[in-house]
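Undergrad: Below you'll find the structure I mean.
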């Protein structure tokens, strides 16, 4: 199989962040339709990579599925039945190693616990990474801990190495950042001023390599 599934956090449909992010990235991840972008220099190019993945924060990284879609759905529902909804700290536009992303402004233990649960409890549905995938990850000069996570979980940034982020751009030059950062802060300010709750887990799917990820299911937290 070349199709992949990812477990994401994405804002609720009625959250103003949903519309704001679809416009910023230029694609609606539900319909896969293009969305007009704001008048920001080179925005189509600088958002090309995050556009393909859809606006999200990764909980369980994209995986090639083993065991079937219905068993995965059952496992996600069973896990979600024991996890209670929780408030998300206020988000802010941040410079994250050269690219822009929305990040939480305060620690959120329930968020870390949710990501940990998704990685651990859904791992039986993950096909092992290929040698090429492992080699690609190792080009990031992983620490010993990250290497161990890559070998065990197929991804180096899990558990203690995981960090919440909702990517907005590719890596930017300093000149680009001086323009794009204030534009992103202004664009997202109205949406980020609103409180938000994490109420569900989103399953995104990618039909084939290079295809865009689209939202397939939302599973409510019922703990």
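Undergrad: Are any residues in region 87-124 at pLDDT below 95 and surrounded by 15 or more Cβ atoms within 10 Å (Cβ to Cβ), and if so, which ones?
TA: 96
Undergrad: Taking region 2-27, which residues are part of a loop (DSSP other than H, G, I, E, B) and touching a strand residue (DSSP E or B) at 6+ places or on another chain (Cβ under 8 Å)? Break it down into steps so the answer makes sense when it comes.
TA: Residues of region 2-27 part of a loop (DSSP other than H, G, I, E, B): 2-3, 10-15, 26.
The answer is 3, 10, 11, 12, 15, 26.
Undergrad: Restricting to region 185-194, and then to whatever is in a helix (DSSP H, G or I) and in contact (Cβ under 8 Å) with a residue 60 or more places away in the chain, can you tell me which residue is surrounded by the fewest Cβ atoms within 10 Å (Cβ to Cβ)?
TA: Within region 185-194, the match that is surrounded by the fewest Cβ atoms within 10 Å (Cβ to Cβ) is 190.
Undergrad: Okay, moving on. Working only within region 141-151, note down all residues that are in a helix (DSSP H, G or I) and surrounded by fewer than 18 Cβ atoms within 10 Å (Cβ to Cβ). First the steps, then the outcome.
TA: Step one: of region 141-151, the residues in a helix (DSSP H, G or I) are 144-151.
Passing the criteria: 144, 145, 147, 148, 151.
Undergrad: Still on this structure, please answer the following. For region 1-33, which positions are on the phi > 0 side of the Ramachandran plot and touching a helix residue (DSSP H, G or I) at 6+ places or on another chain (Cβ under 8 Å)?
TA: Scanning region 1-33 gives a single hit, 26.
Undergrad: Oh, and also: Counting only residues that are out of contact with any helix residue (DSSP H, G or I) (no Cβ under 8 Å at 6 or more places or on another chain) and either closer than 30 Å to residue 87 by Cβ or in contact (Cβ under 8 Å) with a residue 40 or more places away in the chain (or both), how many does region 127-153 have?
TA: Number satisfying all stated conditions: 1.
Undergrad: When residue 83 is evaluated against the numbered criteria (1) surrounded by 16 or more Cβ atoms within 10 Å (Cβ to Cβ); (2) in contact with a helix residue (DSSP H, G or I) (Cβ under 7 Å, 6 or more places away or on another chain); (3) farther than 15 Å from residue 199 by Cβ, which criterion, by number, is the only one it fails?
TA: (3)
Undergrad: Let me ask another. So residue 166 ticks every box in (1) more than 27 Å from residue 46 (Cα to Cα); (2) in contact with a strand residue (DSSP E or B) (Cβ under 7 Å, 6 or more places away or on another chain); (3) at pLDDT 95 or above; (4) buried (at least 20 other Cβ atoms within 10 Å of the Cβ) but one. Which box is left unticked?
TA: Condition (1) is where residue 166 drops out.
Undergrad: Quick check on region 33-60: of everything there that is surrounded by fewer than 14 Cβ atoms within 10 Å (Cβ to Cβ) and touching a strand residue (DSSP E or B) at 6+ places or on another chain (Cβ under 9 Å), which residue is farthest from residue 218 (Cα to Cα)?
TA: Per the criteria, the residue is 34.
Undergrad: From 222, 171, 197, grab the single residue that is touching a strand residue (DSSP E or B) at 6+ places or on another chain (Cβ under 7 Å), surrounded by fewer than 19 Cβ atoms within 10 Å (Cβ to Cβ) and assigned to a loop (DSSP other than H, G, I, E, B). Walk me through how you get there before you give the answer.
TA: On the way: 222 fails: touching a strand residue (DSSP E or B) at 6+ places or on another chain (Cβ under 7 Å); 197 fails: assigned to a loop (DSSP other than H, G, I, E, B).
Testing whether each residue is touching a strand residue (DSSP E or B) at 6+ places or on another chain (Cβ under 7 Å), surrounded by fewer than 19 Cβ atoms within 10 Å (Cβ to Cβ) and assigned to a loop (DSSP other than H, G, I, E, B) leaves just 171.
The values are calculated or read from the model by the stated rules, or taken from the named source; none is laboratory data. Quantities reported herein were computed from a predicted structural model and do not represent experimental measurements. Positions of Cβ are generated from backbone atoms using ideal geometry, with glycine treated the same way; all protein chains shown enter the neighbour counts.
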